[in-house]
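Note sheet for the following structure.
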Amino acid sequence: MIKNRNRRLQKRKGSSLLIVLAIASILVILSAAVGTGVVWEANNARNQEKKTQAYYIARSGAAATAKWLENMTDAEASKFNALTFPLNSKNNVFKNGTYDITINKIDQQLFVESVGRVKSGTSYVTDTVTSVLKSEASNIVASIKTSIFGVDGVNINSPIKGDIGTNSTNAGAIYYNGNYLTGDIYIPSAGDLKKIVTKVSWAGDLVIKRADNEYQEPTYPINPGSPLNKGSVTISTPTSIDANSYYDNINIVSNTTLTINIGEGDNTLSIKNLFLSGNIKINGTGRLRLYVEGLILTGYGSNLNSDTDSKNLILYYNGSSLTLDNGVKFNATIYAPNTNIDLEGGATINGSIVGKTVKTGNNAQVIYQNNTSSVPISSSSGSKYKSAYWK
C-alpha cells in the first residue's frame, strides 16, 4: 500500500514539474513577445520623433529662405530674377540636423523646397516641405483693340475684318487694298497722314484715327530646371499635358492632337521650340499664356485652339520672323512686337495680331474678336515676392 502511494506521489510530482516547466516556457515566450513589442514601440516612437524633427528642420529652412526672399531690396530682387534656376544650397546645419534648399522659378512664382535631415542610428530620417511665393509686382498690360497692329508697318492684301494700326511715321507704313479691309486705320498722333497711309489707286478711303500705342517686348519665363522642365517630347498619339510647366521641344506630328489642361484663371506654358503639324486643343475655362521662342509649321491645316474662343489663348512669340500658311487656323491673340509676321496660303486667325511688321496675302484672313483687350506683358525685373502657401 505504502509503495503504491509513493509511486502515485512521484508521478504527480513529475506531472507538476512538467506543468511548471510548460508555464515557465510560456512566460518566457510572452516576455520575449512583450519585450519585442516594447522595443518596436520604442523604435517607432523614436523614428516618429526623428520624423517630426526632420519636418520642423525642413520647415524652418524653407521659412528662413522665404523670409529672406520677401525682404530683398529692389536691387537684390533684380539680380535674383536674372539668375539661372534652379538654385541649390546643401547641408545647412540647424540644431541637431541639416536641410537642403532648392529654389525653382516659373512664371511669377517661386518654389522653395526644403529637405530636413536627422540622424537616427546609422541612417537618416528625412522630410520635405515646399513654400510657394508669388510676385507682388503689378503686371504691365498691353491694350489691343485692332485686328492687326504692325509696330513698324502693315501691308494688307487679303480679307481683314477689324481695325489696323501702326506706330510708324515712315512713308508707306500702312498699305491696304480697300476691297479687303473692313475697319478703321490707326496712326500715331504725330505724323503725316498722306505720307503714312497708301493704297491702290481705286481703293476707297477709310476712316483714319490718331492713337499712340506702346507694345513692349514680353518677359519670357526663365527655364526653371528639373522637375518643372519636362524636356523634349514627340506627340504621335492623342496626349494631354498640364499647363504651368516648361518644355525644351514639343513636336506634334500630323493628324495628332495635343490637349493642354488649364483649369481656371491664368495659366502659363513655355515651349522653346514648337513643331506643329497636328493640332492643339485647350481644355478648361481659364486662359493659357503660351510662350514660344520658335514655331515651325510642318504640315497642312494645323489648328491651334480652333475649337474654343480666342480669349482662352495668348500666344507670345519671340522669333525674328513667323510665316503662317498652309491653311492653319489659330483662335488666339498673337503677341510678337519684335517679329515680322507673314500670313499667306489661306491661314485664318480669329483674334488679334501684334507684330513688328504684318503682311497678309493669298486669301489669308484675320477676324477680330472683341474679347481680349488686355494682354499681360511682364512684371518689373525688380519684382518682389510674398509667401502664398505651403505644400
Listed here are the pairs 329/356; 95/134; 105/384; 145/209; which of them are more than 18 Å apart at the Cα? 329/356; 95/134
Does the stretch 307-370 classify as rounded, prolate or oblate by the C-alpha gyration tensor (a ≥ b ≥ c root eigenvalues; a/c under 1.5 gives rounded; else a/b over b/c gives prolate, otherwise oblate)? oblate
What number do you get for the stretch 294-343 when its Cα radius of gyration is normalised by 2.2 N^0.38 Å, N = residues? 1.11
When ranked by the protection proxy of mean other Cβ atoms within 10 Å per residue, highest first, what sequence do the peptides 288-301, 120-133 form? 288-301, 120-133
I'd like to compare 105-118, 82-95, 168-181: which one has the highest average count of other Cβ atoms within 10 Å, and what's the full order after that? 105-118, 168-181, 82-95
Expressed as a whole percent, how much of the Cα-Cα distance distribution for the stretch 132-238 exceeds 20 Å? 54
Here, the stretch 141-376 modelled as identical Cα point scatterers in vacuum has Debye log10 I(q)/I(0) at q = 0.09, 0.12, 0.18 Å⁻¹ of -0.37, -0.64, -1.31
Hey, can you grab everything whose amide H is under 5 Å from the amide H of residue 353? Only 5+ residues off in sequence or another chain; H modelled, so Pro and N-termini drop out. 148, 149, 334
Sort the stretch 242-337 into rounded, prolate or oblate with this rule: let a ≥ b ≥ c be the square roots of the eigenvalues of the Cα gyration tensor; rounded if a/c is under 1.5, and if a/c is not under 1.5, prolate when a/b is larger than b/c, oblate otherwise. rounded
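Each reported figure results from applying straightforward, stated rules to the coordinates on display, with no laboratory input. Owing to the predicted nature of the structure, the values given are computational and were not obtained by experimental measurement. Here Cβ is always computed from backbone atoms with ideal geometry, including for glycine, and neighbour counts include all displayed protein chains.
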